[in-house]
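For reference, the structure discussed in these notes is given below.
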Amino acid sequence: MKFGVLALQGDFREHRISLEKLGADVTEVRLPAHLDGLSGLIIPGGESTAIGKLMVAYKLLEPIRQFGKTHAIWGTCAGAILLAKNVGKDQPLLGLMDITIQRNAFGRQIDSFEIDLPVPFLTPPQPDYQLTFIRGPIITEVHGNARPLLSLPDGRIIAAQQGKLLATSFHPELTEDLRFHQYFMELAQSGYAD
Ligand code: GLN
């Protein structure tokens, strides 16, 4: 299976390594033609404003929007922001998911943190998964066809899914634990639609 990682800005190399460890053939996507033949695309963490502006400059915004209507896309952190329909700010977005996001919801870089939580939908469901937050967003509203997938113990939503679209506030690519990448690869292969 061929997967793409959007490679305009941010930690795309870490995603590439995780996917390759699982046996995927990985393409770094910088131009619309790089989307051809992909089963799924990951939009990495980084700075959502910068990635969005580069997507406009490289004429990728509309092609990725179309790709996401029929294919799997996973956005981590900045990537999740780009998937959202509403982030309360005027910045270029794919707007594919029926979610509202609050950027930098946990504070500044210095407020970055890790938390171990059970993630029952992963295979295997145990042990707990180490979730890494780096100026991450919170998913404040999930509506339409989207559904919440994972929350912090205080109820704040940190992952959502809409058909083959997946948004996570945290960074599985920064851990050695490949279960989230495995989940995404299986989602991409599934017949799951909205
Ligand atoms: N704070 C960044 C943003 O708002 C996201 C941070 C990240 O991807 N680690 O775009």
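Can you name every residue in region 35-52 that is touching a residue at least 60 places away in the same chain (Cβ under 8 Å) and either in a loop (DSSP other than H, G, I, E, B) or not hydrophobic (A, V, I, L, M, F, W, C) (or both)? Scanning region 35-52 gives S39, G40, P44, G45. Examine region 140-148 for a residue that is crowded, with 19+ Cβ neighbours inside 10 Å, touching a Phe, Trp or Tyr at 6+ places or on another chain (Cβ under 8 Å) and among the aliphatic types (A, V, I, L, M), and state whether such a residue exists. No: region 140-148 contains no residue that is crowded, with 19+ Cβ neighbours inside 10 Å, touching a Phe, Trp or Tyr at 6+ places or on another chain (Cβ under 8 Å) and among the aliphatic types (A, V, I, L, M).
Can you tell me which residue is nearest to the ligand (Cβ to nearest atom) among those in region 49-69 that are under 16 Å from the mean Cα position of the chain (by Cα) and not aliphatic (A, V, I, L, M)? The residue in question is T49.
Which ones in region 53-75 are part of a helix (DSSP H, G or I), under 14 Å from M97 (Cα atoms) and not hydroxyl-bearing (S, T, Y)? Answer for region 53-75, where residues must be part of a helix (DSSP H, G or I), under 14 Å from M97 (Cα atoms) and not hydroxyl-bearing (S, T, Y): I64, R65, Q66, F67, G68, K69. A count restricted to region 123-149 and to residues that are touching an Asp or Glu at 6+ places or on another chain (Cβ under 9 Å), farther than 22 Å from Q66 by Cα and away from the ligand (no atom under 15 Å from the Cβ) stands at 6. Scanning region 1-15 for residues that are more than 16 Å from the ligand (Cβ to nearest atom), free of Cβ contacts under 8 Å to residues at least 60 places away in the same chain and surrounded by 20 or more Cβ atoms within 10 Å (Cβ to Cβ) yields a count of 1.
Of the residues making up region 97-134, those that are surrounded by 12 or more Cβ atoms within 10 Å (Cβ to Cβ), over 21 Å from Q161 (Cα atoms) and among the charged types (D, E, K, R) are D111, E114.
Summed over region 22-42, the residues that are farther than 19 Å from Q66 by Cα and either within 16 Å of the ligand (Cβ to nearest atom) or in contact with a helix residue (DSSP H, G or I) (Cβ under 8 Å, 6 or more places away or on another chain) (or both) give a count of 3. Restricting region 161-187 to residues that are closer than 16 Å to L96 by Cα and more than 16 Å from the ligand (Cβ to nearest atom) leaves a set whose member that is surrounded by the fewest Cβ atoms within 10 Å (Cβ to Cβ) is G163. Region 76-194 holds strands (runs of 3 or more DSSP E) entirely within its bounds, and those carrying 1 or more residues that are farther than 24 Å from G52 by Cα and among the β-branched types (V, I, T) map to 113-117.
The lone criterion from (1) out of contact with any Asp or Glu (no Cβ under 9 Å at 6 or more places or on another chain); (2) within 14 Å of the ligand (Cβ to nearest atom) left unmet by G46 is number (1). Within region 16-30, the set of residues being under 14 Å from the mean Cα position of the chain (by Cα) and without any contact (Cβ under 8 Å) to a residue 24 or more places away in the chain comprises just one member, R16.
Quick note: the coordinates plus some simple rules give every number you see, no bench work behind them. Source: prediction; values computed, not measured. Because the Cβ atoms are built from the backbone with ideal geometry, glycine has one as well, and the counts that use them run over all protein chains shown.
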